[in-house]
Amino acid sequence: MNNTGEFFINEINKVVPEEQRENTSYQKFLHDYFKEELKKEHVKIFVGFKEILDTEVERYGDVLYKFKTTDSILMHTKTDLLDTIKNLSSVRFIELDYPVSLIVPPEHVEGQGPSQDTDWNMRLIGAPYAWNMNATGRGVKLGIIDTGIDYNHPCLKDNVKGGHNFVDDSKDPFDDNGHGTHCAGIAAASGEASLTGVATRADLYALKVLSATGGGRTSGIVAAIDWAVSNGLQVLSMSLGSRFPASAMHEALIAAHERGLILVAASGNEMIGPGFPAFYREVVSVGAVDRNKKPASFTNRDPGVDIAAPGVGVYSSVPGGKFASYSGTSMACPHVSGVFSVILGERRMENVEAENLIYDTAEDIKRHSWEVGRGLVRIDNGLKRL
């Protein structure tokens with residue numbers, strides 16, 4: 001491992017929890033990753049500046065993106081120039097464009113029919129109370145940062161209002177994986193085709209940052225957050241994660257939160273501490289429970305988990321007008337995003353106020369906070385408190 005690799009590892013270890021700094025398998029993972037990445041002749045990096053963007057850095061590579069929410073850029077450069085760039089007087093940080101991926105559902109059950117008990121999850125969080133009082137999240141802008149959305153799906157087509165594909169930088173965010181469409185259905189299916197989501201009239205925006213294989217990069221998330229801020233989105237749902245803390249992503253999340261966005265992320269399925277972005281305090285980290293309100297076997301255990309929602313055998317939409325049941329904290333996350341959308345649809349409030357409302361009205365399910373945070377999200381309790 002060369003000095004540049006050790007530099008990046010040291011920067012990561014300044015951020016991750018102590019248990020990860022002392023975890024030999026995690027440290028080996030980092031060493032192996034940087035050993036391979038830094039063998040490449042060229043790499044993509046983020047460069048953060050101390051004050052304003054410094055054009056001097058452009059001498060050392062091609063600038064690919066200048067972010068709006070942070071004083072940073074994405075650039076393509078030669079690996080042997082990394083030390084030179086990080087030592088420029090105007091540079092605050094550099095980091096690689098780290099990989100991110102969807103939070104892989106541990107089980108899929110394709111083709112489950114609507115005649116079965118497919119809305120247990122909605123009953124568990126009190127969604128019928130909201131539907132009966134016509135609390136639908138109407139007009140609230142909800143972004144799904146994921147693999148895209150099948151915007152032709154019968155239960156989603158009326159609610160999808162736009163989006164962007166950050167994988168190939170196009171305006172078509174169609175879902176070629178299925179994960180994003182499933183999450184979108186949980187959060188905001190319209191009630192057509194026998195599927196009703198939490199916020200049935202929220203405006204959905206498909207922010208595609210993950211490819212057909214479920215992989216992506218930090219730069220896609222940061223660009224999607226930029227887009228969300230510029231387009232006035234109010235809630236962001238992120239059922240994805242990375243093993244790498246990224247300063248560029250965190251600064252974008254901070255900027256978005258300061259501008260009033262509510263940020264929700266899946267805590268992860270590894271039974272260890274939350275990954276990123278769920279780890280960051282600006283983000284609502286969501287764990288998973290089953291229909292008996294027991295923590296899912298796979299859900300992360302960590303004090304950073306904020307709240308829990310259904311995540312085992314959850315029925316929702318998948319591309320091609322179909323339906324399936326998936327499990328994972330990925331499925332828990334959009335329940336909470338939908339709840340926030342409904343709350344904002346009933347009364348506009350600051351994001352911190354909405355977050356505290358959801359925490360204060362969660363159901364105590366008699367589990368350790370490091371498993372379920374404040375408890376099970378309950379939309380009915382939240383609406384009654386307004």
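None of the figures in this text is laboratory data; all of them are computed from the coordinates on show. Note that this is a predicted model, so its numbers are computed, not measured. Glycine also receives a Cβ, built like all others from the backbone with ideal geometry; neighbour counts cover every protein chain displayed.
Worth pointing out:
- You can think of it this way: the chain between residue 11 and residue 385 has 130.3 nm of extra reach, that is 0.36 nm per residue less the Cα-Cα gap.
- Whichever lysines have a C-alpha closer than 17 Å to that of residue 208, once near sequence neighbours (fewer than 8 apart) are set aside: 141, 157, 161, 171
- Beta-bridge orientation, the chain: approximately 55 percent antiparallel, per DSSP, counting only bridges with both partners inside.
- Label-to-label distance, nm, for residues given as residue 64 and residue 192 (7 Å Cα→Cβ offset): 3.7
- Averaging 1/r over each pair of different alpha-carbon atoms in segment 3-99 and inverting the result gives 14.2 Å, the Kirkwood hydrodynamic radius.
- Under 19 Å from the residue 171 label point (7 Å along Cα→beta-carbon), backbone N, segment 228-261: 228-233
- Across 35/68; 39/68; 14/86; 322/366, pairs whose alpha-carbon gap is larger than 28 Å: 35/68; 39/68; 322/366
- Net charge contributed by nearby residues that have their C-beta within less than 14 Å of residue 247 (K/R +1, D/E -1): -2
- Going from the fewest other Cβ atoms within 10 Å to the most, the residues 335, 179, 164, 368 appear in the order 368, 164, 179, 335.
- Neighbourhood charge, 13 Å Cβ-Cβ cut-off, centred on residue 201 and excluding it, Lys, Arg +1 and Asp, Glu -1: -1
- Reduced Cα scattering model of the chain, Debye log10 I(q)/I(0), q = 0.10, 0.12 Å⁻¹: -0.60, -0.85
- Proximal aspartates and glutamates relative to residue 294, as straight alpha-carbon distance under 14 Å, when same-chain residues fewer than 8 apart are discounted: 363, 364, 371
- Residues 333, 155, sorted so that the one with the fewest Cβ neighbours within 10 Å comes first: 155, 333
- Amide hydrogen neighbours beyond the local backbone of residue 323, cut-off 5 Å, H modeled: 111, 318
- Residues whose amide H falls under 5 Å from that of residue 138, counting only those 5 or more places apart or on a different chain, are 201, with hydrogens built in the peptide plane.
- Rounded tilt (10° steps) of 24-37 against the dominant C-alpha axis of the chain: 60
- Segment residue 297-residue 76, length gained on full extension (0.36 nm per residue, minus Cα span): 75.4 nm
- If the convex hull is drawn through the Cα atoms of segment 252-386, its volume per residue in Å³: 114
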